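These notes concern the structure reproduced below.
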Amino acid sequence: MGKTGYFTHRDCWKHDMGRGHPECPERLDAIEDRLLLTGVGDALEHRDVPLATLAQITRAHSEAHLEHLESLHQRLVADEPAGGPRHAQLDPDTILNRFTLLAARRAAGAAIAATDAVMAGEIDNAFCSVRPPGHHACREQAMGFCFLNNVAIAARHALEVHGLERVAIVDFDVHHGNGTENILSNDPRVLMVGFFQHPFYPYSGTEHPASNMLNLPIPAYTRGMDVRELIEAAWMPRLEEFAPEMVFVSAGFDAHREDDLGQLGLTENDFAWITGRIRDVARRHANGRIVSMLEGGYNLDALARSVEAHVRVLADL
C-alpha cells in the first residue's frame, strides 16, 4: 500500500458565497465525514497546507488579476465596521467574502505543497480537499466559482521549480476547464485531457483548441460506460504517447447522475475506474506521481461517496 497525502485547511471553510449557493463549506464537511465514517481517512497521510506566495500564483495569473481580487477584499474589510456588505459579486455565480482570498491562497498552497511532497518522494500521490475550486479561473479573470487556478499553478510549479519537462492534466468535471485551457494552451510541456457536458457552461472547449488540449465534449445524459469507451479511445493513446513525468487531476464530481448542476450519468464506480486509468499512466511514466485537486460536486452525498472512491484507488485501498 502506497502513501497518499491528504491536504486540507480550515481556512477553506471560511470562504462563503451566501445562503443557498451550491459551492458551500458543507462540501468539505461531507467529504471529511465520509472519510472518517469509512476509515479511509485513517489510511491517509494528513499534511499541512501553506499559503501560496505571489511568485507561485503569478506563474499562472497576472499581477493585475491578483490586485483586483485584493482590492475587493480590502473594500469588504474596510466597510465591515460601518455595516457594509458582506459580499462582493464578480459575476452571478462568483462571489467574495472577506475570507475568500485567504481560502483561495490556501487552496493553491495545498496544490504547491502536494506537488513538493510527491516530487520529494515523501508520499506517492495526493488528494487536496480544498475550496474554492480553480479550473474556471483564467489568467486575468475569476469566474464559475473559481478565483485562482490551483491545477495550473501546481503544473507550472512542477515545470519551473522541479524542472520537469512534461506534465499531464486530467480534467473530469461536468463543466469544461476553460481557465486551465486559457492559461496553459500552446505550452508544449503540458498535455491537458478532459471531458465535459456540451453544450453547457462555460460554453467553451469546442472551437479550435490548441494542439496540447484534448477535449471530449459529450451530450447530456451520457452514461458512464460511454464515457469509459471515449477515454480508452481518445485519452489513453495521447497520454501514453506524451509519457508525462507527473499527472495533475482536476477532480470534479458534478458529472454524477445525482448532481443537479449537470445532466451526465456517471456514478462513483465510474470515477474509481477513471482514477485507475490515471494511476496506470502515472505508474508507467511518472513513478506514480499524481496530485489531485477537488473541483466540482454539489450533491453532498454523491460528492462524498465519489471522493471516497477516488481516494481509495489513489491509496490502493
note = The residue that is surrounded by the fewest Cβ atoms within 10 Å (Cβ to Cβ), considering only those in the stretch 128-186 that are small (Gly, Ala, Ser) and farther than 30 Å from GLU258 by Cβ, is GLY163
ask   = For THR115, all conditions in the list (1) open to solvent by less than 20 Å² (accessible area, probe 1.4 Å); (2) closer than 18 Å to TRP13 by Cβ; (3) touching a helix residue (DSSP H, G or I) at 6+ places or on another chain (Cβ under 7 Å); (4) not acidic (Asp, Glu) hold save one; what is the number of the exception?
value = (2)
query = What tally of residues in the stretch 276-298 results from selecting those that are open to solvent by less than 10 Å² (accessible area, probe 1.4 Å), touching a Phe, Trp or Tyr at 6+ places or on another chain (Cβ under 8 Å) and not in a loop (DSSP other than H, G, I, E, B)?
reply = 5
request  = Determine which member of the set ARG34, ARG59 is farther than 19 Å from ARG106 by Cβ, modelled with pLDDT of 95 or more and surrounded by 12 or more Cβ atoms within 10 Å (Cβ to Cβ).
outcome  = ARG34
task = Within the stretch 216-241, work out how many residues are closer than 13 Å to ALA168 by Cα and open to solvent by less than 50 Å² (accessible area, probe 1.4 Å).
result = 3
task = State which residue is surrounded by the fewest Cβ atoms within 10 Å (Cβ to Cβ) when the search covers only the stretch 242-275 and only residues that are of a type in the set (S, T, N, Q) and under 18 Å from the mean Cα position of the chain (by Cα).
result = THR275
query = Which members of the stretch 78-105 meet the condition of being assigned to a loop (DSSP other than H, G, I, E, B) and closer than 25 Å to PRO50 by Cβ?
reply = ASN97, ARG98, PHE99
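The values are calculated or read from the model by the stated rules, or taken from the named source; none is laboratory data. Fair warning: this is a prediction, and the values are worked out from it, not measured in the lab. Every residue, glycine among them, receives a Cβ derived from its backbone with ideal geometry; neighbour counts consider all protein chains shown. Only protein heavy atoms, including side chains, enter the accessible area calculation; ligands, DNA and RNA are left aside. Shrake-Rupley method; radii C 1.70, N 1.55, O 1.52, S 1.80 Å.
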